[in-house]
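The values are calculated or read from the model by the stated rules, or taken from the named source; none is laboratory data. Remember, predicted model here, so these are calculated numbers, not experimental data. With ideal geometry, Cβ positions are generated from the backbone for all residues, glycine too; neighbour counts draw on all protein chains shown. Side chains included, ligands, DNA and RNA excluded: accessible areas come from the protein's heavy atoms. Shrake-Rupley method; radii C 1.70, N 1.55, O 1.52, S 1.80 Å.
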Amino acid sequence: MVIYDSIGTTYSSTRRPDPRVAARINAALGDARTVINVGAGTGSYEPPQTVLAIEPSPVMIEQRPVGAAPVLRAFAENIPVEDNAADAVMALLTVHHWTDLEAGIAELRRIARQRIVILTWDQTVTREFWLLSDYLPEAAAFDDTRAVPVDRLAALLGDARVEVVPVPHDCVDGFGAAYWRRPEAYLDPAVRAGMSMLAQTGEETIRPGLERLAADLASGRWHDRHADLLDLPEFDAGYRLLVAEL
């Protein structure tokens, strides 16, 4: 089953590309004149030079905007394109959904001529994020089962460099830690629906933690405990960009 066929129906309403994150991705793509986006979802962060998107979920494909790059419905582990098909291949917040990481990375290496760019997260950092450590340890435990260790991913890519991608305090892309300085957002079910770690953990499981968060926001306890965050312009929640030169 393609997970986003069930949890991705409202994805495009909360997962819009943030220009600061986009700038980091575009810089990593460098001088690539052609790009293939693997695990492309609704097309967030696809640069103008994207020539093809690979996405298995028809629900996500249907949400791609008019004028987006052409899309093939396929899985990362078996990409139906020729060798060396594009200068660069990007795969953003997708490797944790793959059923065979080694096969998927081998496919990226096969179809990229110059460069591979992957956005993922370092679970050893992310699980300390206050939402998970203080309120939703069940979601952290779920991510423990699927997160790809950054050093393993870098090794599979072959000597990839790793860059920290800090999250702006007003990030417009509603991924898991986007609302680190806006905790009220996590009480909105529409926001949670766009975060696979919460959508897949399940509302029944996370409800007690969300109730504790709501109570701490109402009492001011959250703000007292996390006053050090309130003036930060950005925050390292563990997101990492891996860039491999081929």
### Query
Only one of P56, P80, P70 is closer than 24 Å to R110 by Cβ and either open to solvent by less than 30 Å² (accessible area, probe 1.4 Å) or aromatic (F, W, Y) (or both); which?
P56
### Task
Could you please find all residues in the stretch 163-187 being surrounded by fewer than 16 Cβ atoms within 10 Å (Cβ to Cβ) and closer than 23 Å to G30 by Cα?
E163, V164
#### Entry: the stretch 217-244 residues that are closer than 21 Å to D188 by Cα and of a type in the set (F, W, Y), paired with ones that are modelled with pLDDT of 95 or more and surrounded by 14 or more Cβ atoms within 10 Å (Cβ to Cβ) (beta carbon under 6 Å, 6 or more apart)
W222/P183; W222/D216
### Qualifying residue in the stretch 194-205 (condition: at pLDDT 95 or above and not in a loop (DSSP other than H, G, I, E, B))
yes
### Task
From A154, A141, grab the single residue that is in a helix (DSSP H, G or I), without any contact (Cβ under 8 Å) to a residue 24 or more places away in the chain and either hydrophobic (A, V, I, L, M, F, W, C) or open to solvent by 20 Å² or more (accessible area, probe 1.4 Å) (or both).
A141
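Looking at the stretch 50-103 only, could you name the residues that are of a type in the set (S, T, Y), part of a loop (DSSP other than H, G, I, E, B) and under 26 Å from A27 (Cβ atoms)?
Within the stretch 50-103, the subset of a type in the set (S, T, Y) is 50, 57, 94, 99.
Then drop every residue that is not part of a loop (DSSP other than H, G, I, E, B), which leaves 57, 94, 99.
Across the stretch 50-103, the qualifying residue is only T94.
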